[in-house]
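The values are calculated or read from the model by the stated rules, or taken from the named source; none is laboratory data. Nothing here was measured: the structure is a model prediction, and the numbers come from that model. Here the Cβ is made from the backbone with ideal geometry for all residues, glycine too, and neighbour counts use every protein chain on show.
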Amino acid sequence: MDAIQKNILKEVADLDALPVGAYNIRSNGATSARNTTANIDIVTKEDKPGIDIIIKPGTVHESVHIPVVVSQAGLKDMVYNDFYVGEGSDVVIVAGCGIHNCGDADSAHDGIHTFYVGKNAKLRYIEKHYGEGEEGTRGKRLMNPTTVVHLEEGAQMIMETSQIAGIDDTTRITTADLAAGAKLDIHESIMTTGEQNAVSNFTADLNGENCSCNIVSRAVARDKSRQHFTSRLNGNNVCSGHSECDSIMMDEAYVLATPELAASCTDASLIHEAAIGKIAGEQLMKLMTLGLTEQEAEEQIISGFLR
Amino acid sequence: MLELQHISYQTEDEKELLYDINLKIDDHFVVITGPNGSGKSTLAKIIAGILTPTGGKILLDGEDITGLNITERANKGVGYAFQQPVRFKGLTVKDLMSLAAGKEAKVSELCDVLSEVGLCAKEYINRDLDGSLSGGELKRIEIAMTLARGAKLSIFDEPEAGIDLWSFQKLIHVFEKMVQATDGNILIISHQERILDIADKIVYLKDGQVAMYDSREKILPNILKNTGGGSCQVLLDKGKEA
Ligand SMILES: Nc1ncnc2c1ncn2[C@@H]1O[C@H](COP(=O)(O)OP(=O)(O)OP(=O)(O)O)[C@@H](O)[C@H]1O
Ligand SMILES: [Mg+2]
C-alpha cells in the first residue's frame, strides 16, 4: 500500500496498521488483505463483486474492519457486502470508504451493505466516508452507499455514519425492518461544502411488537452545497419511533428536510423533530466571551454538532 | 477598574433602555440591583461587548474599550456569566470548561472548579451542555466557566437564579473567596439580600438610570424603602378610581 492509500485508511478507519480481529481491505476494486478468525469468516462472492461476512452465533467482543480505498482516478467500484450476525453475538463492524482522486475523471464507490442481525444479537456498525483530491483536478468523488438492515427478535443495532469532507455527490439510502423487541439507533453526521450535493433517505418498518427505532441526523451545509434529508417511519405494531433532523445552514446552502410518519397501528408512537437554522447567535456570543474569535467559535460549534 | 461614562442605549425601534449611565467600579465586589426590566442585563451586555452602546464610553483600567468586539474584550479580561445559560449540542462540559480556561482542562482542575459550584466533575465532564442538564445544573456550569476564566473583571448575571438554597449558601462562600483571592473586580447582578449583604458597593438601577450608587450601608435601607408597592401607572390609577 502506498502513502496515499495509507492516509485514506487512517481517515476512514482510524487505522495505522492492520487491525486486530477479522478484516478485509479492498483497494482499487480488489481485496488487498484479509484475515478471518475462529468465529468470523469472510468469503468472496462468486456471482458479483463483494464479500459475505459470517459471524457465528454467540461471538462476543470481536470486531470486523472492512475499509475500502479508491485512489485510482476514474475507477468506478461497486460492491455487495452481506453481513450475517449470528444469534446472541455482540460485535463491532467498522466500514469506511475513502476516495483519493487526483485525475480529471470521476471516481465512484457504490456499496450495498445488507445486515442480517440474528435474535438478541448486538451490533455496532460504524461507517465513515471521506474524499480528497488535488487542487486543479476536475475528477469528482462520488459515493452512493445503500444499507439494508434486517433485525430479528430482540436484535439491537447502533449505526453511526459520517461523511464530513470531500464527497461531491452522494445518495445514501438506508432501509430497515424490525421484528419484535428489536432496537435500531442511527446517528448520521453530514457536512457538505462547495457545490456538493447530498441526499439521505431513511425508511424503517417497525413491524414487531415493542420494537423501537431512533434516527438522529445532524447536518451542516456550507457554501453553495445542497442537502435533502428524508426519513420515513412506518409503525405497523405497538412500537416507538423517533427521528430527528437537525441542520445548520451557512452561506448560500440549501437544505430540504422531509420527514414522514406512517402508522397502521393505534399503539404506534412516532415522533419527528426537524430544525433547520443558522448557528445560534447566542452560542457564538458565549464562546466569544470566552475569548474565541467568531471563526473559532463557529468551528467549535460545528465540530461538536457533528460529533 | 471599570469606568462607564455617559452610557446610553437605544434599541433599533428607538426604545431607550439606558440613559446616561456613569459608574466607576473600583471596589472588589459591586452588586447591581433593581427591579425587573430596569436594564441590568442590558448594561452587562454592553460591558461585555454583546451590545454596542448608542452613546458613551467604556474604560477598563483606563483604556477605552468601547470600540472592541466581544473577543477582544474577553482577552482584555472581561468575563461574563449569562443570566440565561446557552446550550450546545455536542459540546461537553469538559470542552466548554477547557475553552473557558484557555487550555485543555485536566480532570483534577475541573474537579476543583466544579466542586466550587457543588457539582461532582466525574458525573458531569462528559455530558453535553444541552437540554439534558437541568436548569440549575446549566446555571452552575455557566458560573464555573466564568470562575475558570479568572478574568480581571467578572460579571455574574443573577447567579442565584434557579439554584437551590443549600447550594446558594456555598455560592456566597465562593464569591467571598473569589473576592479575597483576586485583585480584580467582581460585578454581580442580583436581587438577593444575602448577596447584597456582602457587597462593598451597590448600584441601584431603575428605569435605565442609576438611581443610587453607594456603599452597602447607605444603600440597603433606601432600597428596602423603595421596593414597597407596585409601580404600574395603570394599576395605580385604577387604585385611585376605586
Ligand atoms: N431588543 C429589545 N427591544 C425592546 N425592548 C427590549 C429589548 N431588549 C430588552 N428590552 C427591554 O429592556 C428592558 C431591560 O431589559 P433587561 O434584560 O436589561 O432587564 P433586567 O434589569 O436585566 O431585568 P431582570 O431583573 O428581569 O433580569 C426590559 O423592559 C426589556 O423588555
Ligand atoms: Mg436581567
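For a quick check of your reading of the model, give me the residue pairs whose first member lies in region A:66-80 and is closer than 10 Å to A:Gly111 by Cβ and at pLDDT 85 or above, whose second is in a strand (DSSP E or B) and basic (Lys, Arg), with beta-carbon atoms closer than 9 Å and at least 6 apart or on different chains.
A:Ile66/A:Arg26; A:Val68/A:Arg26; A:Val79/A:Arg26
Filter region B:48-74 down to the residues that are within 17 Å of B:Gln10 (Cβ to Cβ) and of a type in the set (Val, Ile, Thr) and list them by number.
B:Ile50, B:Thr52, B:Thr54, B:Ile58, B:Thr66
Consider B:Ser8 carefully, then state whether it is polar (S, T, N, Q), away from ligand 2 (no atom under 16 Å from the Cβ) and not in a loop (DSSP other than H, G, I, E, B).
On the way: polar (S, T, N, Q): yes; away from ligand 2 (no atom under 16 Å from the Cβ): yes; not in a loop (DSSP other than H, G, I, E, B): yes.
Yes; evaluated as a whole, the condition is true for this residue.
If you go through region A:251-261 one residue at a time, how many are assigned to a loop (DSSP other than H, G, I, E, B) and loosely packed, with under 15 Cβ neighbours inside 10 Å?
Quick first cut of region A:251-261, residues assigned to a loop (DSSP other than H, G, I, E, B) only: A:251-253.
From the residues that got through so far, the ones that are loosely packed, with under 15 Cβ neighbours inside 10 Å too are A:251-252.
Matching residues across region A:251-261 total 2.
Only one residue in B:Lys89, B:Lys76, B:Lys94, B:Lys45 is among the basic types (Lys, Arg) and within 16 Å of ligand 2 (Cβ to nearest atom). Which one? Break it down stepwise before answering.
On the way: B:Lys89 fails: within 16 Å of ligand 2 (Cβ to nearest atom); B:Lys76 fails: within 16 Å of ligand 2 (Cβ to nearest atom); B:Lys94 fails: within 16 Å of ligand 2 (Cβ to nearest atom).
On inspection, the qualifying residue turns out to be B:Lys45.
State whether the residues of region A:212-235 include one that is surrounded by fewer than 18 Cβ atoms within 10 Å (Cβ to Cβ), within 12 Å of chain B (Cβ to nearest Cβ) and touching a Cys at 6+ places or on another chain (Cβ under 9 Å).
Checking region A:212-235: at least one residue is surrounded by fewer than 18 Cβ atoms within 10 Å (Cβ to Cβ), within 12 Å of chain B (Cβ to nearest Cβ) and touching a Cys at 6+ places or on another chain (Cβ under 9 Å).
Looking at B:Ile47, is it surrounded by 23 or more Cβ atoms within 10 Å (Cβ to Cβ) and within 15 Å of ligand 1 (Cβ to nearest atom)? Spell out the reasoning first.
Details: surrounded by 23 or more Cβ atoms within 10 Å (Cβ to Cβ): yes; within 15 Å of ligand 1 (Cβ to nearest atom): yes.
Answer is yes for this residue.
If I ask for residues that are of a type outside the set (S, T, N, Q) and either facing chain A (nearest Cβ under 10 Å) or under 17 Å from the mean Cα position of the chain (by Cα) (or both), which ones from region B:59-75 would you list? Explain how you work it out, then say what you get.
So the first thing to find is which residues in region B:59-75 are of a type outside the set (S, T, N, Q), and the list is B:59-65, B:67-68, B:70, B:72-74.
The answer is B:Leu60, B:Ile70, B:Glu72, B:Arg73, B:Ala74.
Looking at (1) in contact with a Leu (Cβ under 9 Å, 6 or more places away or on another chain); (2) crowded, with 19+ Cβ neighbours inside 10 Å, which is the only condition A:Gly86 fails?
For A:Gly86, the exception is condition (1).
Could you check B:Ala81 against (1) within 16 Å of ligand 1 (Cβ to nearest atom); (2) out of contact with any Asp or Glu (no Cβ under 9 Å at 6 or more places or on another chain); (3) within 14 Å of chain A (Cβ to nearest Cβ) and say which number it fails?
Among (1) within 16 Å of ligand 1 (Cβ to nearest atom); (2) out of contact with any Asp or Glu (no Cβ under 9 Å at 6 or more places or on another chain); (3) within 14 Å of chain A (Cβ to nearest Cβ), B:Ala81 violates only (2).
Among the residues of region A:162-187, write down those that are at pLDDT 95 or above, crowded, with 21+ Cβ neighbours inside 10 Å and within 16 Å of the chain's Cα centre (by Cα).
Across region A:162-187, the qualifying residues are A:Thr174, A:Ala176, A:Leu184, A:Ile186.
Yes or no, residue by residue, for (1) without any contact (Cβ under 8 Å) to a residue 12 or more places away in the chain; (2) polar (S, T, N, Q); (3) within 27 Å of B:Phe88 (Cα to Cα):
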site	(1), (2), (3)
A:Ile164	no, no, yes
A:His187	no, no, yes
A:Ile190	no, no, yes
A:Asn210	no, yes, no
A:Gln227	no, yes, yes
A:Glu252	no, no, yes
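If only one of A:Phe229, A:Phe305 is of a type in the set (Phe, Trp, Tyr) and under 22 Å from B:Val93 (Cα atoms), which one is it? First the steps, then the outcome.
Details: A:Phe229 fails: under 22 Å from B:Val93 (Cα atoms).
Step by step, each of A:Phe229, A:Phe305 is checked, and only A:Phe305 is of a type in the set (Phe, Trp, Tyr) and under 22 Å from B:Val93 (Cα atoms).
Within region B:42-56, take every residue that is in a loop (DSSP other than H, G, I, E, B) and facing chain A (nearest Cβ under 9 Å) and give me the one that is nearest to B:Leu153 (Cα to Cα). Steps first, answer last, please.
Step one: list which residues in region B:42-56 are in a loop (DSSP other than H, G, I, E, B), which gives B:49-54.
Now restrict to residues that are facing chain A (nearest Cβ under 9 Å): B:49-50.
Details: B:Gly49: 13, B:Ile50: 15 Å.
So, considering only residues that are in a loop (DSSP other than H, G, I, E, B) and facing chain A (nearest Cβ under 9 Å), the one nearest to B:Leu153 (Cα to Cα) is B:Gly49.
Got a sec? Which strands (runs of 3 or more DSSP E) wholly within region B:133-217 have at least 3 residues that are more than 14 Å from chain A (Cβ to nearest Cβ)? Spell out the reasoning first.
Numbers: elements: B:153-157, B:185-189, B:201-206, B:209-215.
In region B:133-217, the matching strands (runs of 3 or more DSSP E) lie at B:185-189, B:201-206, B:209-215.
Which of the residues belonging to region B:103-112 are within 14 Å of chain A (Cβ to nearest Cβ) and under 18 Å from B:Glu142 (Cβ atoms)?
The initial filter retains those residues of region B:103-112 that are within 14 Å of chain A (Cβ to nearest Cβ), namely B:103-105.
Hit for region B:103-112 is B:Ala105, nothing else.
Spot the failing condition for B:Ser154; the list is (1) crowded, with 16+ Cβ neighbours inside 10 Å; (2) more than 16 Å from ligand 2 (Cβ to nearest atom); (3) free of Cβ contacts under 8 Å to residues at least 60 places away in the same chain, and only one is missed.
In the conditions (1) crowded, with 16+ Cβ neighbours inside 10 Å; (2) more than 16 Å from ligand 2 (Cβ to nearest atom); (3) free of Cβ contacts under 8 Å to residues at least 60 places away in the same chain, B:Ser154 misses (3) alone.
Quick one: would you say A:Val64 is β-branched (Val, Ile, Thr) and touching a His at 6+ places or on another chain (Cβ under 7 Å)? Give the derivation first.
Working: β-branched (Val, Ile, Thr): yes; touching a His at 6+ places or on another chain (Cβ under 7 Å): no.
Considered against the rule, which asks whether it is β-branched (Val, Ile, Thr) and touching a His at 6+ places or on another chain (Cβ under 7 Å), A:Val64 comes out as no.
In this structure, is A:Ala204 out of contact with any helix residue (DSSP H, G or I) (no Cβ under 8 Å at 6 or more places or on another chain), crowded, with 19+ Cβ neighbours inside 10 Å and touching a residue at least 60 places away in the same chain (Cβ under 8 Å)?
no
Matching residues to (1) exposed (fewer than 14 other Cβ atoms within 10 Å of the Cβ); (2) within 12 Å of another protein chain (Cβ to nearest Cβ):
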| residue | (1), (2) |
| --- | --- |
| A:Asn237 | no, no |
| A:His242 | no, no |
| A:Ile248 | no, yes |
| A:Ala263 | no, no |
| A:His272 | no, no |
| A:Met288 | no, yes |
| A:Thr293 | no, yes |
| A:Glu299 | yes, yes |
| A:Leu306 | no, yes |
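Which pairs turn up if I take residues in region B:89-102 that are at the interface with another protein chain (Cβ under 7 Å from one of its Cβ atoms) and look for partners that are crowded, with 19+ Cβ neighbours inside 10 Å and hydrophobic (A, V, I, L, M, F, W, C) with beta carbon separation below 6 Å, at least 6 apart in sequence or on another chain?
The qualifying pairs are B:Lys89/A:Phe305; B:Gly90/A:Phe305; B:Leu91/B:Leu129; B:Leu99/A:Leu290; B:Ala100/A:Leu290; B:Ala100/B:Met145; B:Ala100/B:Ala148.
Is it the case that A:Gly194 is part of a loop (DSSP other than H, G, I, E, B) and buried (at least 17 other Cβ atoms within 10 Å of the Cβ)? Working first, answer last.
Values: part of a loop (DSSP other than H, G, I, E, B): yes; buried (at least 17 other Cβ atoms within 10 Å of the Cβ): no.
Spelling it out, it is not the case that A:Gly194 is part of a loop (DSSP other than H, G, I, E, B) and buried (at least 17 other Cβ atoms within 10 Å of the Cβ).
May I ask you to list the residues in region B:19-44 that are within 8 Å of ligand 1 (Cβ to nearest atom) and in contact with a strand residue (DSSP E or B) (Cβ under 7 Å, 6 or more places away or on another chain)? Walk me through how you get there before you give the answer.
Going through region B:19-44, the residues within 8 Å of ligand 1 (Cβ to nearest atom) turn out to be B:34-44.
The answer is B:Gly34, B:Pro35, B:Ser38, B:Gly39, B:Lys40, B:Ser41, B:Thr42, B:Leu43, B:Ala44.
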